Amino acid sequence: MSNKLEAKEISVWRGDNLLLNNVSFTLDAGEVLQVRGANGSGKTTLLRVVCGLGLADEGQVYWSGKPIEKNRDQYYENLLYLGHKPGIKPALSAIENLRIFTLLNGRAASAKTDADIEQALDELSLISKAHLPCRALSAGQQRRVALARLVLQTAKLWVLDEPLTSLDKAGLALVEQRMAAHAHSGGSILLTTHAPVNMAGVKVSTLELG
Amino acid sequence: MAEFFNMGGYAAFVWPSFGITFLVLWANVWFAKNQFKRVTRETARRSAMTRAKKQARAS
Amino acid sequence: MFKWLHRFGSAPFVYRFSGALAPWVGGACAVLLGIGLYLGLFVAPTDYEQGESYRIIYVHVPAAIMSMFVYMVMAISSAVFLIWRMKLADAVAQAAAPIGASFTFLALVTGSLWGKPMWGTWWIWDGRLTSELLLLFLYLGYMALRAAIEQPQSAARAAAVLAIVGVVNIPIIHYSVEWWSTLHQPATITKLKPSIHESMAVPLRFMIFGFLFLFGYVLLVRLRTGILQREARASWVAQLPEIMRFNALAPAADSQAVSPSKHSETKHG
Amino acid sequence: MNLDNGTSPVGIALLIKCIVVREWSIAVRNPGQWLNPLLFFVIVVSLFPLGIGPSPATLETIAPGIMWVSALLAVLLSLDALFDADYADGTLEQMVLSGQSMSLIVLAKVLVHWLLSGLPLLVLSPILGLLLNLSLDTMPVLMISLFLGTLTMSLIGAIGAALTVGLNQAGVLLSLLVLPLTVPVLIFGSASVAAAASDISANGPLLILAAVLILALSLAPLATALALKIGVSGSN
């Protein structure tokens, strides 16, 4: 089975109101799916359920044909999640954070050396601040450190929760270019953004929520 | 009868322990039934609301 | 066999089954407690050593036994909930917790009321009473954790983990407290459970089963409440007579969107 | 829901080294996090003589209890920060999503937490023992029992910290959940020191302490890993 992500009739209740009502979608290799909807329409919840970080009241998420609870290792091996929370330790420097990240995501990625990390940081023009504790960086810069993981990890499926927030023009262009490259190389992306995403030569389907 | 209630001088311990026990047990029963009635009313309202929403979504 | 067991997984069946069972269990409890009390207070002879105060065992011992039994019920249903993901098992654990806490509290109160005439102090650091006190903390911790987490699903799973961690610790806590109490108190203090004559033991058995059926009755009522709370959105709940009755009575304006067309002759399944 | 993700794709030693280095560098840069519980321990121990009276005889009899209750509370104080910081900045989610065995990660984190909370208590305890008129020859037993006890306390406390991760006002709830579970450690810990103080061999309680430690070492990380996965999936 190819690396296909599929969600079937995902429903989530928050108390009495129906946050996600029977949401279904499939995401094949090389495809990009943009989840759109007003604030509070359940975009973040849907992404967290897809990553197995949240529990849906009804419905099931499948990765290459199998429910994600059954093949959790294989699924997480191919998954990169970027949530609202930056996912970096403010007390540690960018390089230390990324070193931990590449090691934790193991396998091929752990072959990444400090050189690769510095190269990734350079691409996001953070090399000058690589050794500063992330506490000292601005929100936009911290976001770039988190986004450096896109460069460093070989995950096939990207699940990105508003990756473009607090990024300047240069950062925006860079991330969109990275995403397009990922899609062309057979990777799939599930993302939420408010601004429309323009990726050269990539079919972007959208899923409307709420 | 008075001698019975005296409980051989231990009345001050036997009767309170029986009293407290059955008070607490009865409170358990009463609260359980009371909560059941309250939740039934609450569920009726919620299920009516849910059906209304589902019809609204379906139409 | 599994097919039969599986039916206990479906909420409507358990809801109706416990509804039918509850009155019988309640009746049996009343009968057992009645006989137990009558025998215990009127028929059982006076204890040569403790006089009449030994009659407190007719409430203390059942409460102590039930406090432990209910925690076991909670731990087992929590394990079933975590392993086989049966939502109803969690409803059982949630329903049982306050009852267990009440039994533990009763065991403590009656234990100290019983200890006063014998040792002159309201609280004695006897091994069993101290274990009961710690068991009460475990119950309170379980209920506090479940109340502290907003999302019902996470609260249920976290509380289940705590119940299982607790049940693993209970024997360790119990034996260390026993060891500790023998270490500090000379053995002269008589054990709380005196060796009692057969005629005194009969009422005790009635009382123990009376408490057991009382637990059964309150558990069934609270279980039904839990099922209603969890399945409020389900369609089978909407057809329940007690729910229809409310909707029919509700003022027209409130539920005009929902007008069960011919609610007069509805037959509930 | 399997409790553990099986053997970690990255070598176990490499994973533990990575977590230990991470925790150590965080702790070094934020000393308040682990220094405060030590100061708390010193202050609490020195409060007791003020409350109970300075007479050496009474102090000596209750010294084991004071040392142990204060050590327990000090470790409990430092448990709060075990997972809450990682939860708040999203690194906890990334760990769960990394596919590595959460129990190993938890074990590594708890060991570093113990190195920074339990071990310093150990080092400080003889000095405070003198404050409470404990004789010098009970010091070895005091340190051994604290070594076993504080490590067990960190492991069991980690379960409570994981269950209350992300909750506001988690500190109070954490102590309600964890303290009943640490009663055996308290009983055998202070009993061993009391035995040593009255020149009886303290081997019995110490061996039981070691047994409880091994039980905690093997089971606690599993429960903590499961509790963390539940805690992470709780928030949205």
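The values are calculated or read from the model by the stated rules, or taken from the named source; none is laboratory data. Here the structure is a predicted model, which means the values were calculated and not measured. Cβ placement follows ideal geometry from the backbone for every residue including glycine, while neighbour counts extend to all protein chains displayed. Areas reflect the complete protein model, heavy atoms only, side chains present, ligands, DNA and RNA absent. Shrake-Rupley method; radii C 1.70, N 1.55, O 1.52, S 1.80 Å.
Mind listing whichever residues of region A:57-91 are hydrophobic (A, V, I, L, M, F, W, C), within 11 Å of another protein chain (Cβ to nearest Cβ) and touching an Asp or Glu at 6+ places or on another chain (Cβ under 9 Å)? Correct list: A:82, A:88. Among the residues examined, residue C:43 does not qualify as within 21 Å of the chain's Cα centre (by Cα), more than 16 Å from residue C:219 (Cβ to Cβ) and touching a residue at least 40 places away in the same chain (Cβ under 8 Å).
Quick one: would you say residue B:5 is within 20 Å of residue C:102 (Cβ to Cβ) and surrounded by fewer than 16 Cβ atoms within 10 Å (Cβ to Cβ)? Judged against the criteria, residue B:5 is not a match. The residue pairs whose first member lies in region A:46-65 and is closer than 20 Å to residue D:95 by Cα, whose second member is open to solvent by 30 Å² or more (accessible area, probe 1.4 Å) and assigned to a loop (DSSP other than H, G, I, E, B), and whose beta carbons are closer than 7 Å, counting only pairs six or more residues apart or on different chains, are A:48/D:236; A:54/D:236. Looking at region D:148-236, the helices (runs of 4 or more DSSP H) lying wholly inside it that each contain 3 or more residues that are more than 10 Å from every other protein chain (Cβ to nearest Cβ) and open to solvent by 10 Å² or more (accessible area, probe 1.4 Å) sit at D:203-234. Scanning region C:35-65 for residues that are open to solvent by less than 40 Å² (accessible area, probe 1.4 Å) and either over 28 Å from residue C:116 (Cβ atoms) or in a loop (DSSP other than H, G, I, E, B) (or both) returns C:44, C:50. Under the condition of being within 11 Å of chain D (Cβ to nearest Cβ) and farther than 23 Å from residue C:232 by Cβ, the residues counted in region A:33-45 number 2. Scanning region B:3-25 turns up one or more residues that are assigned to a loop (DSSP other than H, G, I, E, B) and at the interface with chain C (Cβ under 7 Å from one of its Cβ atoms).
Within region B:26-46, which residues are at the interface with chain C (Cβ under 7 Å from one of its Cβ atoms) and of a type in the set (Lys, Arg)?
Answer for region B:26-46, where residues must be at the interface with chain C (Cβ under 7 Å from one of its Cβ atoms) and of a type in the set (Lys, Arg): B:33, B:41, B:46.
Among the residues making up region C:76-104, a single one is open to solvent by 30 Å² or more (accessible area, probe 1.4 Å), among the β-branched types (Val, Ile, Thr) and in contact (Cβ under 8 Å) with a residue 60 or more places away in the chain: C:92. Tell me which residues, restricted to region D:96-106, are surrounded by 23 or more Cβ atoms within 10 Å (Cβ to Cβ) and more than 12 Å from chain A (Cβ to nearest Cβ). Correct list: D:106 only. Candidates C:49, C:150, C:132: the one that is touching a Pro at 6+ places or on another chain (Cβ under 8 Å) and either more than 7 Å from every other protein chain (Cβ to nearest Cβ) or at positive phi (or both) is C:49.
Does region D:82-95 contain at least one residue that is surrounded by fewer than 23 Cβ atoms within 10 Å (Cβ to Cβ) and more than 10 Å from chain A (Cβ to nearest Cβ)? Yes; the residues of region D:82-95 include at least one that is surrounded by fewer than 23 Cβ atoms within 10 Å (Cβ to Cβ) and more than 10 Å from chain A (Cβ to nearest Cβ). Residues that are modelled with pLDDT of 85 or more and open to solvent by 50 Å² or more (accessible area, probe 1.4 Å) within region A:91-113 comprise just one, A:99. Does region A:132-153 contain any residue that is of a type outside the set (D, E, K, R), in a loop (DSSP other than H, G, I, E, B) and free of Cβ contacts under 8 Å to residues at least 12 places away in the same chain? Looking through region A:132-153, at least one residue is of a type outside the set (D, E, K, R), in a loop (DSSP other than H, G, I, E, B) and free of Cβ contacts under 8 Å to residues at least 12 places away in the same chain.
Within region D:18-59, track down each residue that is over 13 Å from residue D:77 (Cβ atoms), within 13 Å of chain A (Cβ to nearest Cβ) and part of a helix (DSSP H, G or I).
Selection gives D:18, D:19, D:20, D:21, D:22, D:23, D:24, D:25, D:26, D:27, D:28, D:29.
Just one of the listed residues (A:35, A:23, A:49) is under 24 Å from residue C:155 (Cβ atoms) and in contact with a strand residue (DSSP E or B) (Cβ under 8 Å, 6 or more places away or on another chain), namely A:49. Tally time: how many residues in region C:1-34 are in a helix (DSSP H, G or I) and either open to solvent by less than 50 Å² (accessible area, probe 1.4 Å) or in contact with an Asp or Glu (Cβ under 9 Å, 6 or more places away or on another chain) (or both)? Number of matching residues: 15.
Regarding residue C:85, is this residue more than 11 Å from chain B (Cβ to nearest Cβ), basic (Lys, Arg) and farther than 15 Å from residue C:226 by Cβ? In short, yes.
Which ones in region D:196-224 are in contact with a Leu (Cβ under 9 Å, 6 or more places away or on another chain), aliphatic (A, V, I, L, M) and farther than 17 Å from residue C:163 by Cβ?
D:196, D:197, D:206, D:209, D:210, D:212, D:213, D:216, D:217
Scanning region C:122-135 for residues that are touching a residue at least 60 places away in the same chain (Cβ under 8 Å), assigned to a helix (DSSP H, G or I) and either open to solvent by less than 60 Å² (accessible area, probe 1.4 Å) or among the acidic types (Asp, Glu) (or both) turns up C:129, C:132, C:135. The condition (being closer than 16 Å to residue D:120 by Cα, among the hydrophobic types (A, V, I, L, M, F, W, C) and open to solvent by less than 10 Å² (accessible area, probe 1.4 Å)) is satisfied by just one residue among D:24, D:34, D:68: D:68. Looking for something surrounded by fewer than 18 Cβ atoms within 10 Å (Cβ to Cβ) and in contact with a Gly (Cβ under 9 Å, 6 or more places away or on another chain) - is there at least one such residue anywhere in region A:141-151? Checked against the condition, which is being surrounded by fewer than 18 Cβ atoms within 10 Å (Cβ to Cβ) and in contact with a Gly (Cβ under 9 Å, 6 or more places away or on another chain), region A:141-151 yields no hits at all. Identify, please: which residue in region D:113-127 is surrounded by 22 or more Cβ atoms within 10 Å (Cβ to Cβ) and in contact (Cβ under 8 Å) with a residue 60 or more places away in the chain and is, among those, farthest from the chain's Cα centre (by Cα)? Restricting to residues being surrounded by 22 or more Cβ atoms within 10 Å (Cβ to Cβ) and in contact (Cβ under 8 Å) with a residue 60 or more places away in the chain, the top hit is D:121. Candidates B:53, B:33: the one that is at pLDDT 90 or above and charged (D, E, K, R) is B:33. For region C:141-177, filtering for residues that are in a helix (DSSP H, G or I) and open to solvent by 40 Å² or more (accessible area, probe 1.4 Å) leaves 10.
Against the conditions (1) within 12 Å of another protein chain (Cβ to nearest Cβ); (2) surrounded by fewer than 21 Cβ atoms within 10 Å (Cβ to Cβ), where does residue C:68 fall short? Just the number, please. Every condition holds for residue C:68 apart from (1).
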